[in-house]
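These notes are about the structure you will find just below.
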Amino acid sequence: MFRRREVTVLPTGRPEGPTGIYIIDPVRSTIGFSVRHAAIAGVHGKFTAFEGILKLDGARPIRSEIHLSVQTGSLDTGSPEQDTHGTGPDCLDSATFPLMTFRSTAIRDAGDERYRVAGRLRLKGLELPVHIDVERGRASRDVHGQDRVGFVGTTVVHGSDWELGAGPAPATDGFRIGDEVWLTLGISAVQVRRAESA
């Protein structure tokens, strides 16, 4: 369990981004997804149980790191039938593979607080490369004196790469869902350790 006691004090001089170790606040964060199928409508939902660590280097953002873990059984589409199918053996197979993980391998500065994050997504025992387009929000200090930073991110993955949706989904009137899965991240993270002095 992480402790949330230390507070970042950024050095004076030229502005730098947030620096130190941050953990994702699941109460103020969201991990959502959207999948289309053969009909006009699509399947939308989110994961309700996840955790993650951000190792941020404000002076050199490309040296930052992101680690994320999601409980696949926490999928929530608002429909029990869709949830059962989505977490079942034809899709996420949560009983066999309870976790989906992401770890960054490289970060490219795209300018204007935007970044292209390359990483490895592990799902159903298979780890493949993905890219996430990320935009950083403004750092702030909340009413409890905790330093926070926010990010929004999007990526598109192909379900067939991980053999998701192997059969027709009864919740979508028998239509097989589309191959493209849009993942969206809305992250609020709290600092737990400031950067070590050089």
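The values are calculated or read from the model by the stated rules, or taken from the named source; none is laboratory data. A quick note: this is a predicted structure, and the numbers were derived from the prediction, not measured. Because the Cβ atoms are built from the backbone with ideal geometry, glycine has one as well, and the counts that use them run over all protein chains shown. What goes into the accessible areas is simple: the full protein's heavy atoms, side chains included, and nothing from ligands, DNA or RNA. Shrake-Rupley method; radii C 1.70, N 1.55, O 1.52, S 1.80 Å.
Per-structure values
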item	result
Complete set of residues in the range 85-104 that are of a type in the set (Val, Ile, Thr) and closer than 11 Å to residue 124 by Cβ	96
Residues being at pLDDT below 95 and within 19 Å of the chain's Cα centre (by Cα) - total across the range 69-86	2
Qualifying residue in the range 50-68 (condition: more than 26 Å from residue 138 (Cβ to Cβ) and either under 13 Å from the mean Cα position of the chain (by Cα) or among the charged types (D, E, K, R) (or both))	no
Residue in the range 140-157 that is open to solvent by less than 70 Å² (accessible area, probe 1.4 Å) and on the phi > 0 side of the Ramachandran plot present	yes
Test result for residue 129, within 24 Å of residue 97 (Cβ to Cβ), open to solvent by 80 Å² or more (accessible area, probe 1.4 Å), of a type outside the set (Asp, Glu) and modelled with pLDDT under 90	no
Qualifying positions in the range 88-126 - over 20 Å from residue 180 (Cα atoms), touching a residue at least 24 places away in the same chain (Cβ under 8 Å) and open to solvent by less than 40 Å² (accessible area, probe 1.4 Å)	104, 107, 115
Qualifying residues in the range 40-87 (those that are of a type in the set (Gly, Ala, Ser) and outside any loop (DSSP other than H, G, I, E, B)) - the one surrounded by the fewest Cβ atoms within 10 Å (Cβ to Cβ)	42
